[in-house]
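Everything on this sheet refers to the single structure shown next.
The values are calculated or read from the model by the stated rules, or taken from the named source; none is laboratory data. Everything numeric here is computed off the predicted structure, so don't read it as measured data. Using ideal geometry, Cβ is built from the backbone for each residue, glycine included, and neighbour counts are taken over all protein chains shown. Quick note on the areas: whole protein, heavy atoms, side chains included, nothing else; ligands and nucleic acids left out. Shrake-Rupley method; radii C 1.70, N 1.55, O 1.52, S 1.80 Å.
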Amino acid sequence: MNRAWCRAFTSAGLLLFAVSCHRPLTHVESGGRDQVLHLGNGTEPQGLDPHIVTGVPEHNILSALLEGLVTEDPRTLEVRPGVAESWTLSPDRRVYTFRLRRTARWSNGDALTAHDFAYSFRRILNPALGAQYAYMLHVLRGARAFNKGKAGAGWEGVGVEVLDDHTLRLTLENATPHFLELLNHYSFWPVHPGTLERFGAFAKRGTPWTRPGNFVGNGAFELREWRVNSRIEVAPNPHYWDASNVALKGICFYPIDSADTEERAYRAGFIHRTQTVPIHRIDDLRRRRPGEIRFETYLGTYFYRLNITKKPLDDARVRRALALAVDRAALVSNITRGGQQPAFHFCPPGTGGFTAPSGLKFDVVEARRLIAEYLSATGQARVPPIEILYNTSESHKVIAEAIQGMWRDQLGLDVKLLNQEWKVYLDSVTQTNYFTSRAGWIGDYNDPNTFLDMWLTGGGNNNTGWSSARYDELIRKAAATDDTAARLRCFHEAEEILAREVPVVPLYFYVNVTLRHPTVQGWHPNVLDHHPYQHVRLQAP
Amino acid sequence: MSTHAAPDAGGASLWRDAWLRLRANRMAVAGFVLFGLITFLCLAGPSIFTQHAFDQTQLSEHFRGPDRNHWFGTDALGRDVFVRVLKGGQISLAVGFLATAVSVILGVAYGACSGYAGGRVDMVMMRAVDILYSLPFTIFVILLMVMFGRNFILLFVAIGAVEWLTMARIVRGQVLSLKHAEFVEAARALGFGAPRILAHHILPNLLGPVIIYATLTVPAVMLLEAVLSFLGLGVQPPMSSWGLLIQEGAEKMDIYPWLLLFPALFFSAALFSLNFIGDGLRDALDPRAAKD
Amino acid sequence: MQASLARFILTRLLQAVPVLLIIATLTFFMVRLAPGGPFSGEKKIPEEIQRNIEAHYGFDKPLGEQYLRYMGHLLQGDLGPSFKYVGWDVTELIGQSFPVSLQLGAFAMLIALAVGLPAGVIAALRKNTAADYIPMGLAMVGICLPTFVMGPLLILLFSSKLGWFSPMGWYSWRDLVLPSLTLGLYYAAYIARLTRGGMLEVLGQDYLRTARAKGASTTRVVFRHALRGALQPVVAFLGPAMAGLISGSFVIETIFFIPGLGRHFVNAAFNRDYTMVIGTVLFYAVLILALNLLVDIVQAALNPRSRLE
């Protein structure tokens, strides 16, 4: 071997040695000193315009950059003063008057006034913007007509009035008990009028006003860096009204799509918290990182829709038999394994203080009896075959395979599986072109209405072909009344109807399984998975 | 005389020679034996060696390591991995063979015609290949699915549609360099038509690269099948395939290694044996080898 | 030769224009035919709001009019805004992610060539010896370990166990090592097999036997004569492979969390991000056309008997 080769090998060896010895501190190790929080954040956000975006990753970032009239308690989610330091409610519970704090500022130092909120509400409701979540504001008087662009329905008709720079009056269409909770949704958050005008973004989507350097917000943090598919970084906003109480010196959000990659990033000390955990790792992590894997109740239900326009699902007996034949306890303890709660009704227990009656159970004998009854009543020898539709994902697949096995083994049904790519699946569901399809529903706010109004006749998310006049009446009545006990009675009866008619088979209530490092303090589990960052700090426990 | 001998006269003895050479090649014979063994196991194994069914779930038995009852352990639903690997082999072998055959036939025919015709025809044919390379595969597959529903034949159409393109380009390149070779010019001077020249003079000289690339296509096709399953076009669960089993096992290798190990072993063994068969075939069919 | 080469390249460039237009047109209609749109989601949008969004993007116009408008913009070099990533233009997104994929792909290709070519040549020269079986066995292992297995395997070894590299990310030069190795070894295996095959094909030919018989050294024979002929199939394979490599690998970029073009390529289709799909497809098409042109030139140069056609 000649000399050049020797040299090359030696230097390669040295390089390898250097690589193996020199290891910089991980983000988690240096967290206590730097106070920079690193978070896995699911997918790349659709954008950072609060009036355009629609998802959870977007919420996680925007809640650092913007603040609404109110905020929420990090533990209980109870409404707390935000930009508004106080508010009053009229006796008919339709008119809210907010007092804005005089210290509220935008991140460029401009004063934040009631005009800015009016501008923001007008923008999201402007039909030309095509804002998807504009319907969140339809609770405001005249907002729906304005948003539809109806002739004669001008902005003057919408229940938003600026009384003076620091007083905002909002008038509602009907008394809405959960209105203040709605204000915590980013569709109600303000945007900086000067910046939007500069980019012509009032009625235009997709202008670069949301970029670092352009973005002006009013939250505890301001946007510093944005690299698509890589990282979004925020730094403290010195003009935030409560800046002195913000401990973190920065937050980095990583859009890590793959749960396996995210879990590896966590184990390598790269992030403080994951968005999720791969199902197949739960057992292992329970053993190895018992203090770091967290199981937190989440406001969501996993269920199967049944298409009642297709044979044999047009028969309530078959539908109920399907719901009774599922061994939910076995499903959650052996497959999902995150301590999920088996679902024997639709609305997650405790949603807005409501726990539904358990109208369903695991009862194979009854299920078989119902099938036999159906067969003899219709004069058939076998139940016609059905198909389970799910969008491609390993966890949906495993659950579908398990349910297929239960229906086949317990009821002798011929069940096929059909997986489709996400958008194709959505198309099949909205066109009611399936037998039974997997679905999940996450509550938009902490009230049973967000779950139960799905099954209204012709509801945009019903998609089962099911309809019940009594059910519609109950949900309408609950929405119109202010009397808590009467509302709960309506929801109670509505759940009973669902259990009897079974347009859906509830399977389990969601649990958020995440990894969170013990140094993350001031981060409290709650059903909406909201964590106001101004309360978070990094510190050895 | 050129060594690019055309096996024109006495074809029968040439095939017999090839067969003799193949039989004398120890590696090729080993490849055949191993491959035969795997095929037999996959086809007959599920009913002979195990009483487990590939879709029999037993939730409480999930993620068990290999033991006397479950030789290869169990998966997330407590299903027997041994029988699933064998069942999956049926799918993978079928897909691997048929889709490769489709891509070889299409690719060789297309590439040979394009290269031999040359000029404007070649230009149009090759630009068509460029266009097909570029079209978005995901969308193409989704459209196939939506228009024709799930159908096993579609799987071959989809896989064939992408896999023959590189083969066509390889063959075309070879034909371009062969068509001005002396023995081809000689055949042309003798008045042979294009089909005859292609079939009898050019094709035998293409076999080497074609066989090699075909053996490389088999694993690519088997893995592509797993990707197509994601779009809903592949096999229908609870059925599985080697590609799918490997894909699902990959991220679990450090905690449930048997889920990756066993399907990967079968997959690799099949590919190794195919490879030896391919090399043996190549050597045996080499038109020049007869002169050795 | 110079003049004919220039004319050849010019012709191909001229051909590229209609080819790209055909690709853009086909893709435009294919992606519109696919079910679901960029704004469909789990929660159904109220109808009046759906109408507002469609009006904003001009989706309420007839498809033919939308097509003409899109092509009009395209001919001015405007690929339009992304529908999914609101606030970003397609050109910007490609411009940000392509350099990443290019670096990764180029590095992987270097590894693939540096490992694959010598392995293939040596194996062919020492056919049916250990020097043949061992590299070819390893190459088969490389082919049997697809990237989605090799990636996690390398991470397990060099990150989780040894702690030498970060398991993911694209933040320092170290982050280049594992992903380009994963990608490179896979292609190395292909190149090694194709090179060996090509070499065996050529080594049997008369002119090489003659050269060897005349006492030319093996190195000289290999480099002056054999490799030129042997590389034909390798080069044909390399064109599309290179285009695939530098336009990014979805699997690798997902496993290693790398902000490359491959993720955009696949996600655009899943998101029905119409403009992004056409943009990435056109970008890839340009790469394919350029590299296939290069391949044709190299093939002609390698083989004195074939002409540029």
**Item:** Span from the region B:259-273 Cα centroid across to the region C:56-74 one, whole angstrom
**Value:** 50 Å
**Message:** Tell me the per residue accessible area of chain A using a 1.4 Å probe; a whole number in Å² is fine.
**Reply:** 37 Å²
**Asked** Given a Förster radius of 25 Å and the C-beta distance between A:Arg470 and A:Glu387 as r, what FRET efficiency does 1/(1 + (r/R0)^6) yield to the nearest 0.05?
**Response** 0.25
**Fill in**
By the Cα gyration tensor axes a ≥ b ≥ c (a/c under 1.5 gives rounded; else a/b larger than b/c gives prolate, otherwise oblate), the shape of region C:90-273 is prolate
**Request:** Take the alpha-carbon centre of region A:137-165, take the same for region A:314-347, and report the distance between them in whole Å.
**Result:** 44 Å
**Asked** Using every alpha carbon pair in region A:298-513, what percent of pairs falls into each 10 Å bin from 0 up to the bin containing the largest distance?
**Response** 8, 35, 38, 16, 2, 0
**Item:** DSSP bridge orientation in region A:298-513 - percent antiparallel, rounded to nearest 5
**Value:** 65 percent
**Message:** On the Cα set of region A:419-541, report Rg and Dmax in Å, please.
**Reply:** 18.9, 57
**Prompt:** Among rounded, prolate and oblate, which fits region B:56-150 when a ≥ b ≥ c are the square roots of the eigenvalues of its C-alpha gyration tensor, a/c under 1.5 means rounded, and a/b larger than b/c means prolate?
**Reply:** prolate
**Request:** Please find, in a Gaussian network model of chain B (springs between Cα atoms separated by less than 10 Å), the residue of B:Met222, B:Met125, B:Met167 whose mean-square fluctuation is greatest.
**Result:** B:Met125
**Message:** Ratio of alpha-carbon Rg to the 2.2 N^0.38 Å globular estimate for region B:2-291, to two decimals, please.
**Reply:** 1.18
**Item:** Cα-based Rg and Dmax for the protein assembly as shown, where Dmax is the largest Cα-Cα distance (Å)
**Value:** 32.5, 109
**Request:** Pop a pseudo-label 7 angstrom from the Cα along the beta-carbon direction at both C:Ile134 and A:Thr76 and give the gap in nm to one decimal.
**Result:** 7.3 nm
**Prompt:** Dipole of the protein assembly as shown, Cα-centred, from +1 at each Lys and Arg C-beta and -1 at each Asp and Glu C-beta, to the nearest 20 debye?
**Reply:** 3120 debye
**Complete:** When the charge dipole of region C:21-154 is computed with +1 at the Cβ of Lys and Arg and -1 at the Cβ of Asp and Glu, the Cα pointing farthest to the positive end, of C:Pro135, C:Thr27, C:Ile45, is that of C:Pro135
**Message:** If I stretch the segment between A:Ala485 and A:Glu225 completely, what's the gain in nm (0.36 nm per residue apart, minus their alpha carbon distance), one decimal?
**Reply:** 88.7 nm
**Prompt:** Around A:Ser468, which amide H atoms from residues at least 5 apart in sequence, or from another chain, sit under 5 Å from its own amide H, with H modelled in the peptide plane?
**Reply:** A:Thr457
**Fill in**
Distance in nm between B:Arg26 and C:Ser160 label points, each 7 Å along Cα→Cβ, equals 4.0 nm
**Asked** When the accessible area of chain A is split by element with a 1.4 Å probe, what percent falls to carbon and sulfur?
**Response** 51 percent
**Message:** Nearest 10 degrees is fine. How inclined is helix C:227-246 to the longest principal axis of chain C, computing both from alpha carbons?
**Reply:** 20 degrees
**Item:** 5 angstrom amide H check on A:Tyr508, placed H, neighbours 5+ away
**Value:** A:Tyr302, A:Ala343
**Message:** Can you compute the charge dipole magnitude of chain C about its Cα centre, using +1 on each Lys and Arg Cβ and -1 on each Asp and Glu Cβ, nothing else charged? Give it in debye, rounded to the nearest 20.
**Reply:** 1460 debye
**Message:** Give me the net charge for the shell around A:Ala480: Cβ to Cβ below 15 angstrom, other residues only, Lys and Arg +1, Asp and Glu -1.
**Reply:** -2
**Fill in**
Averaged per residue, the 1.4 Å probe accessible area of chain B, protein heavy atoms only, in Å², is roughly 38 Å²
**Prompt:** For region C:90-273, what is the accessible area per residue in Å² when the probe is 1.4 Å?
**Reply:** 35 Å²
**Complete:** Along the dipole axis of region C:216-309 (charges at Cβ: +1 for Lys and Arg, -1 for Asp and Glu; origin at the Cα centre), the most positive-end residue among C:Tyr284, C:Pro233, C:Val251 is C:Pro233
**Asked** If you line up the Cα atoms of region B:149-292 on their principal axes, what length do they span on each, largest first, in Å?
**Response** 66, 41, 19
**Prompt:** Per-residue ellipticity at 222 nm for chain A, helices alone: DSSP H runs ≥ 4 residues times -39500 (n - 2.57), over residue total, nearest 500 deg cm²/dmol?
**Reply:** -9000 deg cm²/dmol
**Distance from region C:245-309 to region A:497-541 (C-alpha centre basis), Å** = 42 Å
**Message:** Can you compute the helix-only [θ] at 222 nm over chain C? Use -39500 (n - 2.57) per DSSP H run of at least 4 residues, normalise by all residues, nearest 500 deg cm²/dmol.
**Reply:** -24000 deg cm²/dmol
**Prompt:** Percent of accessible area on chain C owned by carbon and sulfur, 1.4 Å probe?
**Reply:** 67 percent
**Item:** Estimated FRET transfer efficiency (A:Asp283, A:Arg500; beta-carbon r; R0 45 Å; 0.05)
**Value:** 0.75
**Request:** Report the accessible surface area buried between chains B and A, summing both sides, using a 1.4 Å probe on protein heavy atoms only, in Å² rounded to the nearest 100.
**Result:** 2400 Å²
**Request:** Using +1 at the Cβ of each Lys and Arg and -1 at the Cβ of each Asp and Glu in chain B, identify which of B:Val141, B:Ala226, B:Tyr213 lies farthest towards the dipole's positive end.
**Result:** B:Tyr213
**Ellipticity estimate at 222 nm from DSSP helix runs (n ≥ 4, -39,500 (n - 2.57)) divided over chain B, nearest 500** = -24000 deg cm²/dmol
**Complete:** With label points set 7 Å from each Cα along the Cα-to-Cβ direction at B:Ile153 and C:Leu75, the distance between them in nm comes to 4.1 nm
**Request:** Within a 10 angstrom radius of each residue's Cβ in C:17-27, how many Cβ atoms of other chains show up on average? Whole number is fine.
**Result:** 3
**Asked** Taking both sides together, what accessible area is buried at the C/B interface, probe 1.4 Å, expressed in Å² and rounded to the nearest 100?
**Response** 5400 Å²
**Request:** Write down, largest first, the equivalent ellipsoid semi-axes of region B:50-105 in whole Å, where each equals the square root of 5 times an eigenvalue of the alpha-carbon gyration tensor.
**Result:** 30, 10, 9
**Asked** Near the amide H of A:Arg105, under 5 Å away, which other amide H atoms are found, from residues 5 or more places off or on another chain, if H is placed in the peptide plane?
**Response** A:Leu112, A:Trp241
**Asked** Under the Kirkwood approximation for Rh and a Cα-based Rg, what ratio Rg/Rh is obtained for chain C?
**Response** 1.06
**Item:** Cα gyration tensor shape of region A:472-525, rounded if a/c is under 1.5, else prolate or oblate by comparing a/b with b/c
**Value:** oblate
**Request:** Using only Cα atoms, figure out Rg for chain A and give it as a multiple of 2.2 N^0.38 Å.
**Result:** 1.09
**Message:** Compute, for chain A, the length of the dipole vector about the Cα centre, with Cβ point charges of +1 (Lys, Arg) and -1 (Asp, Glu) only. Units Debye, rounded to 20.
**Reply:** 1060 debye
